[in-house]
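Trainee: Got a structure for you, written out below as structure tokens; questions coming shortly.
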Amino acid sequence: MRPNLLEWWDVPEPRLRDDRDAIVAPLAVTRCDLDLSIATGVAGFEGPFAIGHEAAGIVTAVGDSVRTFAPGDEVIVPFQISCGQCDRCRRGHTNACTSVPFRSSYGLKPVCGVEFGGALSDLLRVPFADHMLVRHPNGHPLSQTASLADAATDAYSAIQPWLQREPGGSVLVIGGLSLGLLIVQAALALGARRVVYLDDDAARCGLAKALGAEVHEARPRADMTPIGAFPIVVDAAGTTASLHLAVRSTGPSGVCQRMYGGFSETTPVLLRHMYGIGVTLRVGRVHARAELPACLDHVVSGHLHPERVLTRRARFEDAHEAIKDPTIKVVFLRDGIE
Ligand SMILES: [Zn+2]
Ligand SMILES: [Zn+2]
């Protein structure tokens, strides 16, 4: 199967398999940066598998023991499957739930080995529904919250602990794809007094500026003069060069947060420099279910607008083509859904 071939397939309808399950019809699905690299073949994932993992939609059926949700409820579906009951889930480490295979997620069978279905489908089966599902807030469009299933929450969690530790701290974001822009927005929403955005893509730089960042239009290079000495730096470009620039632009006792997981087995890191000035380097996957509600609170209170990073609204039916659009971030919408 060609790695970049996308087709609509008729598959058996997902059904309740356990009395804790729910079935959800995705109505608004946003494209994660990973989906773009899957769809264009860059990720090199072997098909066939269902795609899409940032969904908001409506509950269509629930198992007998589901108490919190009923058919007709609007919900956000976190992309990682978690049970809410195991030791790790209880600690909020919902990306490593021990009730399901490691990395269990929608739309990402190649990384977890299990086909849970993809958000770009008529229906999704949601295990552990009382725990998994998050209620979509009344009065907000589904296109605003779909990306909280992964990217918007990932962006929020990448910056929130550091701005809590250093309120108002200045932030450098080295951008790449849409995640860097969601981080710019989260940083400003959480009170960063200055957000600097570095990227060589004119469209992303334009959007970063519109969101309120100070923009440096340049490709991150390892040998570049440091952009400053920031207490908080986020590398969302995801290259070795951007990581080196990010670390060298982190100030004494600062934090450098690296997004995405595309590392080689032994990625070179500037440990001697980091030791000298005391840089904390943080990497790790988001805990989508555990961290989503705090992010959602900021959407509901009007501080955070993940929908401002959307640059294309496409029909759900056109997803097989629109998913490859090089635009910043796409939302796929069922007819009549905003
Ligand atoms: Zn994702
Ligand atoms: Zn669990």
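Trainee: Dipole magnitude of the chain about its Cα centre, charges +1 at Lys/Arg Cβ and -1 at Asp/Glu Cβ only, in debye to the nearest 20?
Mentor: Values: 33 positive and 37 negative charges, 221 e Å.
Using only the charged Cβ atoms, the result is roughly 1060 debye.
Trainee: Non-local amide H neighbours of Ala218 (under 5 Å, H modeled in plane, Pro and chain starts lacking H): which ones?
Mentor: For Ala218, the qualifying residues are Asp199, Asp200.
Trainee: Given R₀ = 51 Å, FRET efficiency for Asp130-Asp223 by Cβ-Cβ distance, to 0.05?
Mentor: That pair, Asp130 with Asp223, gives E of 0.45.
Trainee: Okay, moving on. Report, by chain and number, residues whose modeled amide H sits under 5 Å from the one on Gly254, excluding near sequence neighbours (fewer than 5 apart, same chain).
Mentor: Thr280
Trainee: Additional query: Once the Cβ-Cβ distance between Leu6 and Ala203 is put in as r, and R0 is 22 Å, what FRET efficiency do you end up with, to the nearest 0.05? Walk me through the numbers on the way to the answer.
Mentor: Values: r = 23 Å, r/R0 = 1.06.
The calculated FRET efficiency here is 0.40.
Trainee: Hey, another quick one. Using a cut-off of under 13 Å, list every residue of the range 155-187 whose amide N is near the label point 7 Å from the Cα of Arg193 along the Cα-to-beta-carbon line.
Mentor: 166-171
Trainee: What whole number of Å gives the distance from the Cα centroid of the range 285-310 to the Cα centroid of the range 139-169?
Mentor: 4
Trainee: Need one number: % antiparallel among DSSP beta bridges in the chain, to the nearest 5. Write down the numbers at each step before the final one.
Mentor: Numbers: 20 of 44 bridges.
Beta bridges within the chain, antiparallel portion: roughly 45 percent.
Trainee: Shape call for the range 34-96 from the C-alpha gyration tensor, a ≥ b ≥ c root eigenvalues: rounded (a/c under 1.5), prolate (a/b greater than b/c) or oblate? Display every interim value, and only then the final one.
Mentor: On the way: a/c = 2.80, a/b = 1.49, b/c = 1.88.
Here the range 34-96 falls in the oblate category.
Trainee: If every alpha-carbon in the range 71-121 counts as one equal scatterer, what log10 I(q)/I(0) does Debye give at q = 0.14 1/Å?
Mentor: So the normalised log intensities work out to -0.38.
Trainee: Moving on to the next point. Can you tell me the 0 to 90 degree angle between the C-alpha axis of helix 179-189 and the longest principal axis of the chain, rounded to 10?
Mentor: For helix 179-189, the angle is close to 80 degrees.
Trainee: Also, I was wondering about something else. Once phi is turned into θ = phi - 60°, what whole-Hz ³J(HN,Hα) does the Karplus curve with 6.51, -1.76 and 1.60 give for every residue of the range 226-243, x standing for Gly and Pro?
Mentor: x, 6, x, 10, 7, x, 9, 10, 10, 9, 10, 8, x, 10, 5, 4, 5, 5
Trainee: Let me ask another. So how many Å³ per residue does the convex hull of the Cα atoms of the range 152-282 work out to? Let's see the in-between values first.
Mentor: Numbers: hull volume 11.9 nm³, N = 131.
So the per-residue hull volume is 91 Å³.
Trainee: Could you name the aspartates and glutamates whose alpha carbon sits less than 14 Å from that of Lys324, not counting residues in the same chain fewer than 8 places away?
Mentor: The reachable aspartates and glutamates, counting only those whose Cα sits under 14 Å from Lys324, are Glu7, Asp33, Asp35.
Trainee: Here's something else I'd like to know. For the range 285-295, what does the Karplus curve 6.51 cos²θ - 1.76 cosθ + 1.60, with θ = phi - 60°, yield as ³J(HN,Hα) per residue in whole Hz, taken in order and with x for Gly and Pro?
Mentor: My calculation for the range 285-295 gives 6, 5, 9, 4, 5, 5, 9, 4, x, 5, 5 Hz in order.
Trainee: Any number yet on Rg/Rh for the chain, C-alpha, Kirkwood?
Mentor: Details: Rg = 19.5 Å, Rh = 20.3 Å.
Here Rg/Rh amounts to 0.96.
Trainee: Output the peptides 233-244, 37-48 sorted from most to least packed, where packing is the average of other Cβ atoms within 10 Å over each peptide's residues.
Mentor: 233-244, 37-48
Trainee: Distance between the C-alpha centers of the range 246-273 and the range 1-35? Whole Å please.
Mentor: The distance from the Cα centre of the range 246-273 to that of the range 1-35 comes to 35 Å.
Trainee: Cα axis of helix 151-165 to longest principal axis of the chain: angle in degrees, 0 to 90, nearest 10?
Mentor: Roughly 50 degrees, rounded to the nearest 10.
Trainee: To continue, here is another question. Using the Karplus curve 6.51 cos²θ - 1.76 cosθ + 1.60 with θ = phi - 60°, what ³J(HN,Hα) values do you get for each residue of the range 109-123, in whole Hz, with x for Gly and Pro?
Mentor: Taking θ as phi minus 60°, the curve returns 3, x, 8, 10, x, 10, 8, 8, x, x, 5, 7, 7, 5, 9 Hz for the range 109-123.
Values in this text are rule-based calculations from the coordinates and carry no lab data. These figures come from a predicted structure and were not determined experimentally. Every residue, glycine among them, receives a Cβ derived from its backbone with ideal geometry; neighbour counts consider all protein chains shown.
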